[in-house]
Amino acid sequence: LANLTGLTVNHTTQQLAAKFIFGDDKTPQDKFVYTDLSEMFPGYTYEGGKSSYLGEDPSGGGFVYTEPGLHVDVKLLDVESMHPSSAELLNIFGPYTPRFADLRRARLAIKHGRLEEAGKMFNGALKPYLSEDASGDLSQALKIVINIVYGLTSAGFENKFRDPRNKDNIVAKRGALFMIDLKNAVQKAGYTVAHIKTDSIKIPTSDESVVKLVSDIGAKYGYT
């Protein structure tokens with residue numbers, strides 16, 4: 001990030017990420033986009049700090065659901081980069097969202113071994129770190145940055161990533177509401193949902209049909 005921004009390695013990750021995404025804008029929040037999730041998910045309510053959707057509590061940081069028991073032949077499917085994807089889909093940083101999206105794309109390219117693609121990003125600034133030995137560390141470093149940015153959007157203190165209108169942690173909440181819709185659709189199709197934890201769903205005695213169902217529903221909401 002220091003190489004990408006011109007700052008030093010002694011600056012904090014928060015300062016470096018803010019410089020990369022917002023440049024020299026001192027008040028980027030003026031351009032942020034706030035989404036009322038009740039318009040995107042009819043029936044959702046958030047009142048007095050409590051959330052409710054279709055009779056479920058989506059929680060503040062991620063939806064959790066479990067059916068206790070012994071389950072066999074369980075398929076595990078998880079959303080790729082859920083919170084960062086939600087931030088992009090909500091266009092939470094307005095005109096600066098594409099800069100954040102570039103970080104996520106770079107991280108996924110490295111994670112999946114597309115090093116040549118990653119080397120072309122940011123005017124080649126990542127190339128020195130894209131050897132087979134170092135690329136894993138770079139992927140992890142970018143993941144830390146991306147997660148810090150997400151965390152700062154809902155932090156309890158003022159920072160350049162926090163929209164004062166965002167009392168509901170809409171980035172995590174969008175993912176949680178999607179997981180509730182996904183659970184209901186899988187159950188309606190006749191399958192058991194053994195467990196959901198934030199961005200993953202476990203389906204026992206499953207087949208390729210339910211895998212396609214989950215993938216198709218994810219795509220409808222913008223997730224992979």
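Roughly how tilted is helix 208-220, in degrees to the nearest 10 and between 0 and 90, from the longest Cα axis of the chain?
50 degrees
Hey, rough spin-label estimate for residue 155 and residue 219, points 7 angstrom out along Cα→Cβ, what's it come to in nanometres?
Taking the simple label geometry, residue 155 and residue 219 are separated by 3.8 nm.
Give me the one-decimal nm value for the distance between modelled label points at residue 147 and residue 80, 7 Å along each residue's Cα-to-Cβ direction.
Here the modelled spin labels are 1.9 nm apart.
Let's test the formula: R0 of 25 Å, r as the Cβ-Cβ distance of residue 200 and residue 13. What FRET efficiency results, to the nearest 0.05?
After rounding, the FRET efficiency stands at 0.40.
Return the loop-located chymotrypsin sites (Phe, Trp or Tyr not before Pro) in the stretch 135-189 (DSSP other than H, G, I, E, B) with at most 14 other Cβ atoms within 10 Å of their own Cβ; answer none if there are none.
157
Which length gain, in nm to one decimal place, applies between residue 66 and residue 132 when the Cα-Cα distance is subtracted from 0.36 nm times their residue separation?
19.8 nm
Once neighbouring chains are kept in place and the probe is 1.4 Å, which whole percent of the accessible area of the stretch 30-77 is contributed by carbon and sulfur?
53 percent
Scanning the chain for trypsin sites (Lys or Arg not before Pro) in DSSP loops with at most 14 other Cβ atoms within 10 Å, what's the longest stretch left with none?
In the chain, the maximal stretch lacking such sites is 27-113.
Quote to one decimal, in nm, the extra length available between residue 116 and residue 207 on full extension: 0.36 nm per residue of separation minus the C-alpha distance between them.
29.2 nm
Give me the percent relative contact order of the chain, please, defined on Cα pairs under 8 angstrom at least 6 residues apart.
30 percent
For helix 97-111, what angle does its Cα long axis make with the longest principal axis of the chain, in degrees from 0 to 90 and rounded to 10?
Long axis of 97-111 versus the principal axis of the chain: about 80 degrees.
In sequence order, what are the phi-derived ³J(HN,Hα) couplings for the stretch 5-12 according to the Karplus relation 6.51 cos²θ - 1.76 cosθ + 1.60 with θ = phi - 60°, rounded to whole Hz, with x for glycine and proline?
10, x, 7, 9, 6, 8, 6, 6
Could you pull out the longest piece of the chain with no exposed loop GluC sites (Glu not before Pro) in it, calling a site exposed if DSSP puts it outside H, G, I, E, B and it has at most 11 other Cβ atoms within 10 Å?
Longest gap between qualifying sites, sites excluded: 1-131.
Can you tell me the FRET efficiency between residue 188 and residue 30 if r is taken as the Cβ-Cβ distance and R0 is 35 Å, rounded to the nearest 0.05?
That gives a FRET efficiency of 0.20.
Per residue, how many Å² of accessible area does the chain show with a 1.4 Å probe?
In whole numbers, the chain has 51 Å² accessible per residue.
Measure off, as a whole percent, the carbon and sulfur share of the 1.4 Å-probe accessible area of the stretch 100-224, all protein chains present.
52 percent
Please report, to one decimal in angstroms, the Kirkwood hydrodynamic radius of the chain built from all distinct Cα-Cα pairs.
19.0 Å
Helix 13-22: angle to the longest alpha-carbon principal axis of the chain, degrees 0 to 90, nearest 10?
Long axis of 13-22 versus the principal axis of the chain: about 90 degrees.
Label residue 38 and residue 99 with points 7 Å out from Cα along Cα→Cβ: what is the distance between them in nm?
Output for this residue pair reads 3.4 nm.
The values are calculated or read from the model by the stated rules, or taken from the named source; none is laboratory data. Bear in mind that the values here come from a model prediction, so they are computed numbers and not experimental data. Virtual Cβ from ideal backbone geometry, glycine too; neighbours counted across all protein chains shown. Accessible surface is based on the protein model in full, side chains and every heavy atom, while ligands, DNA and RNA are left aside. Shrake-Rupley method; radii C 1.70, N 1.55, O 1.52, S 1.80 Å.
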